[in-house]
Amino acid sequence: MTGLLDDLLGGLALGAVYALVALGFVVIFKASGVLNFAHGSLLLLGGYLTAVLHDDIGFAGALAVGVLATALLAGVIDRLLLRRGDPDPHTAHVQTIVTIGVDIVLLTDLSRRIGGDLLVLGDPWGDAVTRVGPVTVADSRLAAIAVSAGAIAVVFGLFRYTRWGLSLRAAGEDLEAAALMGVRLSRVRTLAWCLAGALAALAAVFLAAFPAPGLERTTGQIALKAFPAAILGGMASPAGALAGSLLIGLTEALVAGHQSELRLLGEGFGDVVPYAVMVLVLLVRPTGLFGTKGAARV
Amino acid sequence: MPEAPPDDLPALRVEHVDVTYGRAVSALRDVSLTVPHDSVVALLGANGAGKTTLLRALSGTLRLYRGAISAGRVRYGGTVLDGRDPVAAVQAGVVQVPEGRRVFTGLTVDENLRSGGLGLSRRGSAQVAEARDRVFTLFPRLAERRRQAAGLLSGGEQQMLAIGRALMAAPRLLLLDEPSLGLAPLMVDRIAEVVREIHAQGTAVLLVEQNAGMALSLADHAHVLETGEVRLSGPAAALAGTDAVRRLYLGEEGAA
Ligand SMILES: Nc1ncnc2c1ncn2[C@@H]1O[C@H](COP(=O)(O)OP(=O)(O)O)[C@@H](O)[C@H]1O
Ligand SMILES: [Mg+2]
């Protein structure tokens, strides 16, 4: 029983962190129709900056720099590498390919810097644990849940209550109609990239924190698990991305917790879970959990 | 809409405009027309004549279609609009209701209306509320359904929402692209009434239609586009009397 509660809390924490990454995918897709394959490298950059800076300026300062720098780089990728001037809806697929190139460049450089090291981010939770009723939970997991929930609430608040959010939702549905309302598509889009970058950098902290051993050069690949979460949510739906992330996080934790009983599925089945869940959901609902025709932008 | 101040009575002037798509397809050639500040001007023409293309040229959305103004000028009052982006047109007071309504179906009626104000600089919530009240007075139906998703509205209601959304930007010139398209006759009459009301409140209207009967009954002036060129121009009443218009655009109404 405590094993199950353990798994559920672990899955919730994992899902919450996936949601930070998946929301980034969705925001970028809504704003630009681009699938950002450089997202994992952006995440790694945020984590790396936090890791190398925390000794000198403390964890909070290092995290702030990591988040801001990653947001800035995401904005620069959008503005300078993917397009010149106004967004062109006809070239979203080309831009998607460009993000693969950006990913390779970023990842190569960061891998060289990180090498085989395990970098600690200096987060304040360490390996401390808290007793919650019958179970013992790592503080880092509670922090992952609390901070992610806060960040997700802020993002949903931005969607609903700000001019940027309304612009993004309008442009995500109908770029031309939004343009006719005088929405500044270019600005809305760059801000979307910045927000996605910031969320990725924030996610890096919790992917590197206990019980993970630290930040590795492969940590960015975890972003690839949030990709199916975004897709099974409908790709253009923030609520869908949230639901998809929780679903995948929980399934992954439950499968990992029962690895021994699931032996016949093979060792390391937990890694395949996101994709298995995605395929199952898409078989039943081809447009995703919360999908609409908006996802047809690809 | 407030009356335009008397010292500032802008007219839309389209002067010798050519538009090409993809640098190759010529869609408009040497198009000139004027929409005075206090008028309703109709633009008629069959499918593919170039009506929508002209509105894209005015609103700065040609680029989304790989098109461009290759010659000529578009001016609204003192503001040059050719070569500018859609924000410039909206801020100059030229706002378009696109063909096919194009409301944001996943957003609520209220959010659609809010989106109409996105092109203006941040306004006080009081002004937004005032603009919205004006829209709700014009379209009481929208007030009843303000929290519903726009996708759930009927075609006629969506057309009203599309017009209401544009009115949120406080236009001085409203560009309407085939507002009667696909609507039942009763709804077409209602739209005509609305155009009259909007005009009476001080907003000029450029009305693009294939429904020539409706357009000519509303307009002071009219132009007929044919394969990218202005074929006929004149007072609406005079055009309604010409044989060509009666035969081509008024269908059986004019056949007698
Ligand atoms: N995106 C485009 N690319 C190339 N040609 C286009 C495009 N849009 C419209 N056209 C052409 O321009 C002409 C005018 O079209 P349009 O302005 O839509 O006419 P209307 O609104 O009067 O029906 C047509 O011949 C059409 O085929
Ligand atoms: Mg048309």
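The values are calculated or read from the model by the stated rules, or taken from the named source; none is laboratory data. Just so it is clear, the structure is predicted and the values come from calculations on it, not from any experiment. A quick note on method: Cβ atoms are made from the backbone with ideal geometry, for glycine too, and the neighbour counts reach across all protein chains shown. Just the protein is used for accessible areas: all its heavy atoms, side chains included, with ligands, DNA and RNA removed. Shrake-Rupley method; radii C 1.70, N 1.55, O 1.52, S 1.80 Å.
With a/c under 1.5 counting as rounded, go ahead and sort the stretch A:70-120 into rounded, prolate or oblate using the C-alpha gyration tensor (a ≥ b ≥ c being the square roots of the eigenvalues; past the cut-off, prolate if a/b is larger than b/c, else oblate). Present the calculation step by step, with values, prior to reporting the outcome.
On the way: a/c = 3.90, a/b = 2.32, b/c = 1.68.
Cα axes put the stretch A:70-120 in the prolate bin.
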Over the stretch A:2-217, what is the relative contact order in percent, taking alpha-carbon pairs closer than 8 angstrom and at least six residues apart?
40 percent
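Just to be sure I follow the definition: excluding the sites themselves, where is the longest run in chain A that has none of the GluC sites (Glu not before Pro) in a DSSP loop with at most 14 other Cβ atoms within 10 Å? Each step should come with its number before you reach the end.
Working: sites that count: A:E261, A:E267.
No qualifying site falls inside A:1-260, the longest such stretch.
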If you roll a 1.4 Å probe over the heavy atoms of the protein chains, what accessible area per residue do you get for chain B, in Å²?
42 Å²
How crowded by other chains is B:99-108, given as the mean number of beta carbons from other chains within 10 Å of each beta carbon?
4
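Return the average number of partner chain Cβ atoms within 10 angstrom of each residue Cβ along peptide B:76-88. Can you show the working numbers first?
Values: counts 0, 0, 0, 0, 0, 0, 0, 0, 0, 7, 10, 8, 1.
That works out to 2 on average.
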17 Å reach of a label modelled at A:R187, 7 Å along Cα-to-Cβ, counting backbone N of the stretch A:78-92
A:79, A:85-87
How shielded is B:110-117 by partner chains, expressed as the average number of their Cβ atoms within 10 Å of its Cβ atoms?
4
Quick numbers on the protein assembly as shown, Rg and Dmax over C-alpha atoms in Å, give 27.8, 91
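In the neighborhood of A:W125, defined by Cβ-to-Cβ distances under 10 Å, what is the net charge if each Lys or Arg adds +1 and each Asp or Glu adds -1?
Around A:W125, the charge tally is -2.
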For the stretch A:2-217, evaluate the Debye formula with one uniform point scatterer on each Cα (no solvent term) and list log10 I(q)/I(0) at q = 0.11, 0.12, 0.15 Å⁻¹, rounded to two decimals.
-0.56, -0.66, -0.95
Modelling each spin label as a point 7 Å along the Cα-to-Cβ direction, I'd like the A:Y275/B:Q210 distance in nm, to one decimal.
4.9 nm
Kindly sort A:R112, A:R84 by accessible area of their heavy atoms, largest first, with the probe set to 1.4 Å.
A:R84, A:R112
Report the residue, chosen from B:A24, B:A166, B:A222, that carries the largest GNM mean-square fluctuation when chain B is represented by alpha-carbon nodes joined by springs under 10 Å.
B:A24
Principal axis lengths of the stretch A:1-66 from Cα atoms, whole Å, largest first?
41, 39, 15
Cβ-derived FRET efficiency at R0 56 Å, A:L8 paired with B:E15, nearest 0.05
0.20
Want the number for A:H258 to A:L118: 0.36 nm per residue separation, take away the alpha-carbon distance, what's left?
47.7 nm
Positive end of the charge dipole of the stretch A:2-217 (Lys, Arg +1 and Asp, Glu -1 on Cβ, about the Cα centre): tell me which of A:L49, A:G157, A:L5 has its Cα farthest that way.
A:G157
Helix-only [θ]222 nm of the protein assembly as shown, DSSP H runs n ≥ 4, -39500 (n - 2.57) each, per residue, nearest 500
-17500 deg cm²/dmol
Using θ = phi - 60° and the Karplus curve 6.51 cos²θ - 1.76 cosθ + 1.60, what whole-Hz ³J(HN,Hα) does each residue of the stretch A:100-114 get, with Gly and Pro shown as x?
5, x, 4, 4, 4, 4, 4, 5, 4, 5, 5, 4, 4, 5, 7
